[in-house]
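What follows draws every value from the coordinates through simple rules; no lab data is involved. The structure displayed is predicted, hence computed values, not measured ones. Quick reminder, even Gly has a Cβ in these numbers, built from the backbone with ideal geometry, and neighbours come from all protein chains shown.
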Protein chains: 2
Amino acid sequence: MVKYGSMSKGADTKDLILRTALDFASRCGLEALSIGELAKKVGMSKSGLFGHFNSKEKLQMMVLDYAANDFVQAVLLPAYKEPRGIPRIEATVANWYKWIESQLSGGCPFVAAAFEYDDRPGQVQDHLRKHLGTMINSFAKSAEIAKEEGHFSSDVNAQEFAYRFYSFLLGLHLYSKLLKDQNAFDYHKSAFEDLISKYRA
Amino acid sequence: MVKYGSMSKGADTKDLILRTALDFASRCGLEALSIGELAKKVGMSKSGLFGHFNSKEKLQMMVLDYAANDFVQAVLLPAYKEPRGIPRIEATVANWYKWIESQLSGGCPFVAAAFEYDDRPGQVQDHLRKHLGTMINSFAKSAEIAKEEGHFSSDVNAQEFAYRFYSFLLGLHLYSKLLKDQNAFDYHKSAFEDLISKYRA
DNA sequence: GAATTTAACGAACGACCGTACTTTTTTTAT
DNA sequence: ATAAAAAAAGTACGGTCGTTCGTTAAATTC
């Protein structure tokens, strides 16, 4: 929710809180996000901040929503201005690179959260699964479009493409964040290119 | 460290503690592992358990060592009994499937820990990076061997292979654990097979 | 500008955290 | 069996956690 002027006072600070929380969560995880620490970061009291959400779970889910919106704005929407098919898929990757480099010092927040909540049932996990499912479906949809355009051969399995496409992004996250491997982006780039050329009609 | 008879009493319970801790950590994460809860699980007092490690960080690192040993015993060593080259790589994957299904209810503990500690510097992260580096190098080494055997073409980049190989395993973890996608193993299998056939000489 | 709703605060809660001590029990070695 | 050593328990401390409550300050509405 990027707004410029002013919504109400409450909505303004809520936005500030969520932006701060997302930045922190993308670096340290959604669970490590503590209300007290977050309050210190935005410069308000613990209880004042808490009042906006009434539970930590709601805060966490709203952070996910905020991140999803960020992702759509920064990655998907710009890509949809590119021509249908392979160019659009390539633009998605290019935007992804920019997204995780600039806005979020800790990489894709969904990747981080995905492995954090992979076995921690609850509302947050359900929420996360929904978001990730949407995201992956958008990749599969891109593959379908590429088929329609005749860029991909007509017998490719779009879900299979999405799996491989996202797996390489997971690898990128791991190699660059944890392993600090300087070749991370090169590895991803060549893997992605080979993936495209394999599916090309 | 799977031993049968008795080591000393201390080593016995330490082993029990680590086994329990690994089971929990592979499901809920290394950080969520708390000493009090762990003590309850193994049926002893918090302080009694604490005495074996003297710090939580040491406990966490020992859990990682324990997991690494498990991995070597269950995945790598059996694979090394297969013929060098592609058969050995295929055996690695087959053993991996068995490993995450049987022993650890929460999937590969390294995958889980990797994303948990990707931006949490410290001894544990260093330790984890070392283990993961070793693991990935063993995959690259397998590719080198496949080249020597003439199974892979001589111009393949072994590190590149390792990246793609591990990325697909990350995807498998995500799809099966979080997304609960019933096709997870199918997606991985076909991706892995395509990977092999691409690199085949 | 007064009335009312909303936002923020400060203090306190019970629970649990990792850790440090001391004491008791159990295991090992003589 | 006895002495020494190792393991386990007990208790307590300072801290942080998420959350609740009552109160004050600010923003919005009329």
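Averaging 1/r over each pair of different alpha-carbon atoms in the stretch B:1-123 and inverting the result gives 15.6 Å, the Kirkwood hydrodynamic radius.
For the protein assembly as shown, place one equal point scatterer on every Cα, skip the solvent, and apply the Debye formula. What is log10 of I(q)/I(0) at q = 0.13 Å⁻¹? Debye curve over Cα of the protein assembly as shown, log10 I(q)/I(0) at q = 0.13 Å⁻¹: -1.16.
Inter-copy label distances at A:Val72, shortest first and taken from points set 7 Å along Cα to Cβ: 4.9 nm. For the stretch B:29-143, the relative contact order is 27 percent, taking Cα pairs closer than 8 Å that sit 6 or more residues apart in sequence and dividing their mean separation by the residue count.
Here the dipole of the protein assembly as shown is about 940 debye; that uses its Cα centre as origin and unit charges on the Cβ of Lys and Arg (positive) and Asp and Glu (negative). Remark on A:Phe152: its backbone amide H falls under 5 Å from those of A:Lys147, A:Ala201, a criterion applied only to residues 5 or more positions apart or on other chains, H modelled at 1.01 Å from N. Within chain B, what's the longest run with no trypsin sites (Lys or Arg not before Pro) in a DSSP loop and at most 11 other beta-carbon atoms within 10 Å? Give the range, please. No qualifying site falls inside B:82-179, the longest such stretch. Divide the volume of the convex hull around the Cα atoms of the stretch B:76-201 by the residue count and you get 105 Å³ per residue.
Only Cα pairs under 8 Å and 6+ residues apart enter the sum, and on that basis the relative contact order of chain B stands at 19 percent.
Each other copy places its own label point for B:Pro121 at 3.9 nm from this one, sorted shortest first, where the point lies 7 Å along the Cα-to-beta carbon line.
For the stretch A:114-173, the relative contact order comes to 27 percent (Cα pairs under 8 Å, sequence separation of at least 6). The Cα center of the stretch A:79-157 and the Cα center of the stretch B:34-70 differ in position by 38 Å. Each semi-axis of the equivalent ellipsoid for the stretch B:148-201 is √(5λ) with λ an eigenvalue of the Cα gyration tensor; in descending order they amount to 26, 11, 6 Å. Calculated FRET efficiency, A:Thr134 to B:Asn54, Cβ-Cβ distance, R0 = 45 Å: about 0.45 to the nearest 0.05. Considering only Cα-Cα distances, which of the following residue pairs are longer than 31 Å: B:Lys147/B:Lys189; A:Lys189/B:Lys130; A:Lys81/B:Lys198; A:Lys147/A:Lys180? In this structure, A:Lys81/B:Lys198; A:Lys147/A:Lys180 lie more than 31 Å apart at Cα. Ranked from shortest, the separations from the 7 Å Cα-to-Cβ label point of A:Gly150 to its equivalents in the other copies are 4.3 nm.
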